[in-house]
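To start, the structure itself, in structure tokens.
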Amino acid sequence: MTLAHYIIEGGAAGKARLDVLASVMQPATSSLLLRAGVMNGDRCVDVGCGGGHVTRELARLVGPSGSALGIDLDAEVIALARHDANISGLQNIAFHVGDATSIPDGPYDAAYARFLLSHVTDPGAVLSAMVNSLAPGGLVILEDTEFVGGLCYPRCSAYDRFCELVRETVRRRGRNADIGPALPALLRRAGIDEIAIGLSQPAALTGEVKFLIQLTLERIRESILDEALATSAELGQLHAVLRGCCEDPTTLMTVPRVFQVWGRKRTSDRETQDRTLSVDVD
């Protein structure tokens, strides 16, 4: 994946959105890491780490005897993630600018990715790299979206249009914003056993969930225009209507449905380490 084809604006502006996203997802993700079995002393890698929010959570969870490495293509976001990690005082954390299919310094006890596979053209190759980076019995932990599962009540046409634009922009770039239900199949084909699944869908009448929806529309604006899915004037009007729905405390909104899937690398199939995946997840 190249940054040029990622639909959401990166850099400092993208990091500001990631801060809000991390706050919205933090309770569900923290619970997931514990349920999946991340333990004190584990070596962890956070693939497509963005602002490093989960990387820091992993570093705290595994303690001084463990470690957490965050990998992302966006050098500016990685620099900001390093800054946040330095402020936190964590000593067992590091960041690397690089591609998700080239994970350094393994083997790891746990490999994690949130909202990454929906934004790459070959999720099987990324997952293969994650599995190959693990020690036998290591954990793979994934969180990703089924964007069609977003909800607004009472119905808001601007929210429906927002979801439609995200899904179509992602599709035009050769990705799949609804990849969530395919994650168990991807893990099975990657040589992962003991697969477990959960669902998360933060909902709110006010606050950060609704703010995240607005921010996401703002941060994908240029990609929508590049794909000629709407005009600048149409997006301006859409944002105004969506903001009105978000500011209405009687309107309930959710983020897209999030699939949480995890499992362990097979210890008896050495060929799994060399397997390159090619999986249809449309």
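The values are calculated or read from the model by the stated rules, or taken from the named source; none is laboratory data. Being a predicted model, the structure only gives us computed values, none of them experimental. With ideal geometry, Cβ positions are generated from the backbone for all residues, glycine too; neighbour counts draw on all protein chains shown.
The criterion of at least 1 residues that are of a type in the set (Val, Ile, Thr) and surrounded by fewer than 16 Cβ atoms within 10 Å (Cβ to Cβ) is met by the following helices (runs of 4 or more DSSP H) wholly inside the range 1-111: 75-88. For the range 201-208, the criterion of being part of a strand (DSSP E or B) and either aromatic (Phe, Trp, Tyr) or modelled with pLDDT under 95 (or both) is satisfied by no residue at all.
If you go through the range 46-95 and keep only what is closer than 25 Å to Glu9 by Cβ and without any contact (Cβ under 8 Å) to a residue 12 or more places away in the chain, you end up with Ala79, His83, Asn86, Ile87.
Among residues of the range 96-122 that are among the β-branched types (Val, Ile, Thr), those with a beta-carbon under 9 Å from a residue that is assigned to a strand (DSSP E or B) at least six positions away or on a different chain give the pairs Val97/Ile71; Val97/Asp72; Ile103/Val45; Ile103/Val47; Ile103/Leu69; Ile103/Ile71; Ile103/His96; Ile103/Ala111.
The single condition from (1) under 15 Å from the mean Cα position of the chain (by Cα); (2) modelled with pLDDT of 95 or more that Ile8 fails is (2). Here are the criteria: (1) within 14 Å of the chain's Cα centre (by Cα); (2) closer than 21 Å to Lys265 by Cα; (3) in contact (Cβ under 8 Å) with a residue 40 or more places away in the chain. Tell me which single one Asp42 does not satisfy. Unmet for Asp42, out of (1) within 14 Å of the chain's Cα centre (by Cα); (2) closer than 21 Å to Lys265 by Cα; (3) in contact (Cβ under 8 Å) with a residue 40 or more places away in the chain: (1).
Among the conditions (1) within 30 Å of Ser133 (Cα to Cα); (2) surrounded by fewer than 20 Cβ atoms within 10 Å (Cβ to Cβ); (3) out of contact with any Lys or Arg (no Cβ under 7 Å at 6 or more places or on another chain); (4) among the hydrophobic types (A, V, I, L, M, F, W, C), Leu199 misses just one, which is (3). Being assigned to a helix (DSSP H, G or I) and in contact (Cβ under 8 Å) with a residue 60 or more places away in the chain, is that true of even one residue in the range 132-142? Scanning the range 132-142 turns up at least one residue that is assigned to a helix (DSSP H, G or I) and in contact (Cβ under 8 Å) with a residue 60 or more places away in the chain.
Confirm whether Asp160 is assigned to a helix (DSSP H, G or I) and among the acidic types (Asp, Glu). Judged against the criteria, Asp160 is a match.
In this structure, Ala177 qualifies as of a type in the set (Gly, Ala, Ser) and buried (at least 20 other Cβ atoms within 10 Å of the Cβ). When we screen Asp109, Asp99 for residues that are farther than 27 Å from Asn40 by Cβ and acidic (Asp, Glu), the only hit is Asp99.
For the range 28-39, filtering for residues that are in contact (Cβ under 8 Å) with a residue 60 or more places away in the chain and closer than 28 Å to Phe211 by Cα leaves 4. Just checking, does the range 254-262 include any residue being at pLDDT 95 or above, basic (Lys, Arg), in contact with a strand residue (DSSP E or B) (Cβ under 7 Å, 6 or more places away or on another chain) and over 20 Å from Asp160 (Cβ atoms)? No, that holds for no residue. Within the range 225-260, restricting attention to residues that are free of Cβ contacts under 8 Å to residues at least 60 places away in the same chain and of a type in the set (A, V, I, L, M, F, W, C), the residue that is surrounded by the most Cβ atoms within 10 Å (Cβ to Cβ) is Cys246. The residues of the range 155-176 that are in contact (Cβ under 8 Å) with a residue 40 or more places away in the chain and over 18 Å from Gln214 (Cβ atoms), listed by number, are Glu168, Val170, Arg172, Arg173, Gly174, Arg175, Asn176.
Of all residues in the range 180-196, those satisfying the criterion of being surrounded by fewer than 20 Cβ atoms within 10 Å (Cβ to Cβ) and more than 17 Å from the chain's Cα centre (by Cα) are Ala185, Arg188, Arg189, Asp193, Glu194, Ile195, Ala196. Only one of the listed residues (Arg114, Arg43) is touching an Asp or Glu at 6+ places or on another chain (Cβ under 9 Å) and under 17 Å from Lys15 (Cβ atoms). That residue is Arg114.
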